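Structure first, then comments.
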Amino acid sequence: MELISNFAIQGAQMMLVLLLAPLFTGYVRKVKARLVRRQGPPLLQPYRDLVRLARKEVVLADSASWLFRTIPYLVFAAIWVAASLVPTFRTGLMFSWSADLIAIIALLGSARFLLALAGMDVGTSFGGIGSSREVMIASLAEPAMIMIVFTLALIAGSTQLSTMAAFMASSAVGLRVSLGLGLIALTMVAIAENGRIPIDNPATHLELTMVHEAMVLEYSGRHLALIELSSSLKLLLYVSLIACLFAPWGIDSAGAAIPTLAIGVAAYIGKLAVGGFLLALFETSIAKMRVFRVPEFLGAALMLGLLATLLRFVSGSF
Amino acid sequence: MTKVAVYGYIRIVFDLAGGPAWWWSIVVLALAGATTVMGVLYALMQHDLKRLLAYHTVENIGIIFIGLGLALAFKAHGMLFAAALAFTAALLHVFNHSLFKSLLFFGAGAVLTATGERDMEHLGGLIHRMPKTAFLVLIGCAAISALPPLNGFVSEWLTFQAILLSPQLPSWGLKLLIPAVGALLALAAALAAACFVKAYGVTFLGRPRTPAAEAATETDSYSLAAMLILAALCLLVGILPGIFIDALAPVSSALIGAHMPAQIGAQWLSIVPIAASRSSYDGLLVFLFIAISGMLAAFAIHRLASDRLRRAPAWDCGYPDASPTTQYSATSFAQPIRRVFGTVVFRAREQVEMPPPGDTRPARLKVELHDLIWEAIYAPLVVGINFTADRLNRFQFLTIRQFLTLVFCTLIVLLLVLAIWN
């Protein structure tokens, strides 16, 4: 019985992130539009886009290989698995121990590796420019992320996300300098990894500074639907990650009682609403950077992460 | 061949030298961290396939020595279980590196026999002509970039876990150095992924850049079988690392005096370096999850969505019929990274020569790179050796009397040295 309920909760988490991801993207777009006094697309527009894309035929470039057609499925699978392993409304899920935070980051790295290859596959200059910039950004964002993981792992004494979230929710944490630095660095990395303003503009298609959109320029139809869904999932994953580490309130720790689960889900949706609003507010209040300003931005994140880790190494009280 | 040095080092430092002093590990860790990042940056600047792989070995040896340096530090401070963890991580990386690097060198050899080219700038689109080689090399590239669920990730993950144990070390030098080494390791892992996106993308993907690449044919089945075995081993170590970690336990207990907890009994074949609440990783489950959710997605898409497909010229933002030379090349792919890291590490300089409007000459881009390690350490050494050799060359043309005098004088000097020494 317990096995079945655990399984059901793990399954519910997988479906929840999958179903919420487009809604969250739509919500951020709506808030951004409202902030500049536009009407904005309806909240459900991303779902409609996905359905429309899935119904269309795929127009495949002549020079595309089998790899190009397989990659959307692999990228989607890797990101979906990663997103299902981040605690959203309940910690200690059935399979939460199968990958710790370092492995989750590396899974996202696998997805990015494949997507960068897809950008190179058709053999156009736009695909190459996107891939090359994406890996440059990743080469700075990943070490910054690992430093943040180190900081948090040293505070919580574990790299297991469920244990970390449970520790953060307990009163043993307190206010720490390294946590503050970690939060700032994690936010910067999350913005860079998801290609949001000021790193990249998710709303443009024909701009020479674009990164992610240039990489997936040749995709169409169902393949593009999967890629879009994966990037929504990735955004949701990072917001969930920040929420479960830095705002773990209301998250259900054990048991499968319906009321606590309901509180967990409600708290999660509330956190997403706040997180999405803050993201939209940040994006509307800042201008996009030139591509070669990005290393400075991410270098700052890396230094903050390194500083936080150093503080933890030097003394347990920071 | 490079592993002989690792073997010799382990033999001397862990076995023969007995209990090493803790500050040795500072030297090892600092050198290893720098080597790791330098190796991968050098590899990124190459466009000769085999040379790129060779420079990449430098990076991997760096990763191995980070593990060994940590093991040394832990051992010197009596933290035997942490030392065993770092030591096992290093040994597992030795094994993993031998798998994926051999696979990649076989792949580079297959490309060389098929096209006669090692220069990536003359290749491209080989995935259409050599699909099997391309698939197997892709596994090697993913493994060396430390991507789960393959084997490279497991040993780097273990190294990270060892780094996370190091705040308990008492010495301040190590406390300040190890986080920096961890950052360098993470940087190298991310750059390695960039490097292999470049190597694979330029060689196998895109469109052929030369007639030689266009005329390539699949390599013979024996070479394919060799690569297949190595690729299968890469996956096997990635999804069942516990077996291989347990196999390394006797080495670790012989040299460190402790070994990692037996992994084979852990639930669902996961690996648990210290305790289950602290960290665990299950390559098998991650692999199965990815496979299942990928297949679910494929099934759902093909059931519910349109499965029509039309071939057409590449879209490329509406620029029609571009020639294969407009593709991103190895040099252009590395340009952002060269610009970010290269100005310091290689003193890289780019000169663009743009002809005035109306002039039909092509624009030229010149990239200047300096190998600072070569210029600062090896080149002066070579000059010094050559200089001394030239001076000593005169001894070759002495008469027999002069030779005898020389031998006599040497004998006297050596005897004197011996006398003073005693």
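Among the residues of the stretch A:279-315, count how many are loosely packed, with under 14 Cβ neighbours inside 10 Å, more than 9 Å from chain B (Cβ to nearest Cβ) and of a type outside the set (Gly, Ala, Ser).
Total meeting the criteria: 5.
Can you find a residue that is assigned to a loop (DSSP other than H, G, I, E, B), over 18 Å from the mean Cα position of the chain (by Cα) and within 14 Å of chain A (Cβ to nearest Cβ) anywhere in the stretch B:68-82?
Looking only at the stretch B:68-82, we keep the residues that are assigned to a loop (DSSP other than H, G, I, E, B), and these are B:77-79.
With the extra rule that they be over 18 Å from the mean Cα position of the chain (by Cα), the set shrinks to B:77-79.
The next check asks that each one be within 14 Å of chain A (Cβ to nearest Cβ); those that pass are none.
No, the conditions are met nowhere in the stretch B:68-82.
Quick check on the stretch B:337-355: of everything there that is at the interface with another protein chain (Cβ under 10 Å from one of its Cβ atoms) and open to solvent by less than 30 Å² (accessible area, probe 1.4 Å), which residue is nearest to B:MET45 (Cα to Cα)? So that I can check it myself, show each step before the final result.
Residues of the stretch B:337-355 at the interface with another protein chain (Cβ under 10 Å from one of its Cβ atoms): B:337-341.
Imposing the further condition that a residue be open to solvent by less than 30 Å² (accessible area, probe 1.4 Å) reduces the set to B:337-338.
Details: B:ILE337: 9, B:ARG338: 8 Å.
Only one residue tops the list, namely B:ARG338.
Does B:ASP282 satisfy being of a type in the set (Asp, Glu) and either surrounded by fewer than 19 Cβ atoms within 10 Å (Cβ to Cβ) or touching a residue at least 60 places away in the same chain (Cβ under 8 Å) (or both)?
Details: of a type in the set (Asp, Glu): yes; either surrounded by fewer than 19 Cβ atoms within 10 Å (Cβ to Cβ) or touching a residue at least 60 places away in the same chain (Cβ under 8 Å) (or both): no.
The answer is no for B:ASP282.
Where in the stretch A:119-196 are the helices (runs of 4 or more DSSP H), entirely inside, with at least 2 residues that are within 8 Å of chain B (Cβ to nearest Cβ) and within 16 Å of the chain's Cα centre (by Cα)? Write out each step before concluding.
Working: elements: A:125-156, A:161-169, A:177-193.
Correct list: A:125-156.
Yes or no: B:PHE106 among the aromatic types (Phe, Trp, Tyr), over 30 Å from B:VAL272 (Cβ atoms), in the same structural domain as B:HIS259 (by TED's automatic domain parsing) and more than 18 Å from the chain's Cα centre (by Cα)?
On the way: among the aromatic types (Phe, Trp, Tyr): yes; over 30 Å from B:VAL272 (Cβ atoms): yes; in the same structural domain as B:HIS259 (by TED's automatic domain parsing): yes; more than 18 Å from the chain's Cα centre (by Cα): no.
Here the answer is no, as B:PHE106 does not meet what is asked.
Among the residues of the stretch B:275-303, how many are more than 7 Å from every other protein chain (Cβ to nearest Cβ) and assigned to a helix (DSSP H, G or I)? Show your work before the answer.
Step one: list which residues in the stretch B:275-303 are more than 7 Å from every other protein chain (Cβ to nearest Cβ), which gives B:275, B:283-284, B:287-288, B:291-292, B:295-296, B:299-300, B:302-303.
When the remaining residues are screened for being assigned to a helix (DSSP H, G or I), the result is B:283-284, B:287-288, B:291-292, B:295-296, B:299-300, B:302-303.
So the answer is 12.
Among the listed residues A:TRP66, A:TRP80, which satisfies the condition of being crowded, with 22+ Cβ neighbours inside 10 Å and either more than 30 Å from B:ALA275 (Cβ to Cβ) or aromatic (Phe, Trp, Tyr) (or both)? Break it down stepwise before answering.
On the way: A:TRP66 fails: crowded, with 22+ Cβ neighbours inside 10 Å.
Being crowded, with 22+ Cβ neighbours inside 10 Å and either more than 30 Å from B:ALA275 (Cβ to Cβ) or aromatic (Phe, Trp, Tyr) (or both) holds for just one of A:TRP66, A:TRP80, which is A:TRP80.
Please enumerate the residues belonging to the stretch B:138-148 that are open to solvent by less than 10 Å² (accessible area, probe 1.4 Å) and either of a type in the set (S, T, N, Q) or within 19 Å of B:THR219 (Cα to Cα) (or both).
B:GLY140, B:CYS141, B:SER145
Hey, does the stretch B:320-336 have a residue that's open to solvent by 80 Å² or more (accessible area, probe 1.4 Å), over 23 Å from the mean Cα position of the chain (by Cα), touching a residue at least 60 places away in the same chain (Cβ under 8 Å) and not assigned by TED's automatic domain parsing to the domain that holds B:ALA82?
First pass over the stretch B:320-336, keeping only residues open to solvent by 80 Å² or more (accessible area, probe 1.4 Å): B:320-321, B:325.
Subset that is over 23 Å from the mean Cα position of the chain (by Cα): B:320-321, B:325.
From what is left, the residues that are touching a residue at least 60 places away in the same chain (Cβ under 8 Å) are B:325.
If we keep only those that are not assigned by TED's automatic domain parsing to the domain that holds B:ALA82 too, we end up with B:325.
Yes.
Going by what's in this entry, would B:ARG361 be described as within 28 Å of A:VAL135 (Cβ to Cβ), out of contact with any Phe, Trp or Tyr (no Cβ under 7 Å at 6 or more places or on another chain) and part of a loop (DSSP other than H, G, I, E, B)? Even if it seems obvious, please write down each step before you answer.
Working: within 28 Å of A:VAL135 (Cβ to Cβ): no; out of contact with any Phe, Trp or Tyr (no Cβ under 7 Å at 6 or more places or on another chain): yes; part of a loop (DSSP other than H, G, I, E, B): yes.
No: the conditions fail for B:ARG361.
With respect to B:VAL27, determine if the residue is out of contact with any helix residue (DSSP H, G or I) (no Cβ under 7 Å at 6 or more places or on another chain) and part of a helix (DSSP H, G or I).
Details: out of contact with any helix residue (DSSP H, G or I) (no Cβ under 7 Å at 6 or more places or on another chain): yes; part of a helix (DSSP H, G or I): yes.
Here the answer is yes, as B:VAL27 does meet what is asked.
Report every pair of residues separated by at least 6 positions or lying on different chains whose Cβ atoms are under 6 Å apart, first residue within the stretch A:217-245 and in contact (Cβ under 8 Å) with a residue 24 or more places away in the chain, second among the acidic types (Asp, Glu) and open to solvent by 20 Å² or more (accessible area, probe 1.4 Å).
Going by the 6 Å Cβ cut-off, the qualifying pairs are A:GLY221/A:GLU57.
Can you tell me which residue is farthest from A:LEU101 (Cα to Cα) among those in the stretch B:261-272 that are touching a Pro at 6+ places or on another chain (Cβ under 8 Å) and open to solvent by less than 10 Å² (accessible area, probe 1.4 Å)?
If we take residues in the stretch B:261-272 being touching a Pro at 6+ places or on another chain (Cβ under 8 Å) and open to solvent by less than 10 Å² (accessible area, probe 1.4 Å), then B:GLN263 is farthest from A:LEU101 (Cα to Cα).
Pick from B:ARG129, B:ARG207, B:ARG118: which is at the interface with chain A (Cβ under 9 Å from one of its Cβ atoms), open to solvent by 10 Å² or more (accessible area, probe 1.4 Å), over 23 Å from B:LEU235 (Cα atoms) and in contact (Cβ under 8 Å) with a residue 12 or more places away in the chain? Give the derivation first.
Details: B:ARG129 fails: at the interface with chain A (Cβ under 9 Å from one of its Cβ atoms); B:ARG118 fails: at the interface with chain A (Cβ under 9 Å from one of its Cβ atoms).
Of the residues listed, the single one that is at the interface with chain A (Cβ under 9 Å from one of its Cβ atoms), open to solvent by 10 Å² or more (accessible area, probe 1.4 Å), over 23 Å from B:LEU235 (Cα atoms) and in contact (Cβ under 8 Å) with a residue 12 or more places away in the chain is B:ARG207.
So which of B:ALA254, B:ALA247, B:ALA258, B:ALA262 is assigned by TED's automatic domain parsing to the domain that holds B:PRO148, part of a helix (DSSP H, G or I), under 30 Å from B:GLY18 (Cβ atoms) and over 26 Å from the mean Cα position of the chain (by Cα)?
On the way: B:ALA247 fails: over 26 Å from the mean Cα position of the chain (by Cα); B:ALA258 fails: part of a helix (DSSP H, G or I); B:ALA262 fails: part of a helix (DSSP H, G or I).
The unique qualifying residue is B:ALA254.
Please verify whether the stretch B:162-170 includes one or more residues that are within 10 Å of chain A (Cβ to nearest Cβ) and within 20 Å of the chain's Cα centre (by Cα).
yes
Being touching a Gly at 6+ places or on another chain (Cβ under 6 Å) and free of Cβ contacts under 8 Å to residues at least 60 places away in the same chain is the filter; apply it to the stretch A:2-33 and report the residue that is most open to solvent (accessible area, probe 1.4 Å).
A:LYS30
How about the stretch B:295-319: which of its residues are loosely packed, with under 15 Cβ neighbours inside 10 Å and among the acidic types (Asp, Glu)?
Correct list: B:ASP307 only.
Can you pull out every residue in the stretch B:149-197 that is under 13 Å from B:ILE66 (Cβ atoms), open to solvent by 10 Å² or more (accessible area, probe 1.4 Å) and without any contact (Cβ under 8 Å) to a residue 24 or more places away in the chain?
Hit for the stretch B:149-197 is B:ALA183, nothing else.
For the subset of the stretch A:83-100 comprising residues that are at the interface with chain B (Cβ under 9 Å from one of its Cβ atoms) and in a helix (DSSP H, G or I), which member is surrounded by the most Cβ atoms within 10 Å (Cβ to Cβ)? Can you show your working first?
Step one: list which residues in the stretch A:83-100 are at the interface with chain B (Cβ under 9 Å from one of its Cβ atoms), which gives A:84-85, A:95, A:97-100.
Still in the running and in a helix (DSSP H, G or I): A:84-85, A:97-98.
Details: A:SER84: 24, A:LEU85: 27, A:TRP97: 25, A:SER98: 22.
Result: A:LEU85.
The values are calculated or read from the model by the stated rules, or taken from the named source; none is laboratory data. Quantities reported herein were computed from a predicted structural model and do not represent experimental measurements. Neighbour counts run over all protein chains shown; Cβ positions are idealised from the backbone, glycine included. Each accessible area value is taken on the protein alone, full model and side chains, heavy atoms only, with ligands, DNA and RNA left out. Shrake-Rupley method; radii C 1.70, N 1.55, O 1.52, S 1.80 Å.
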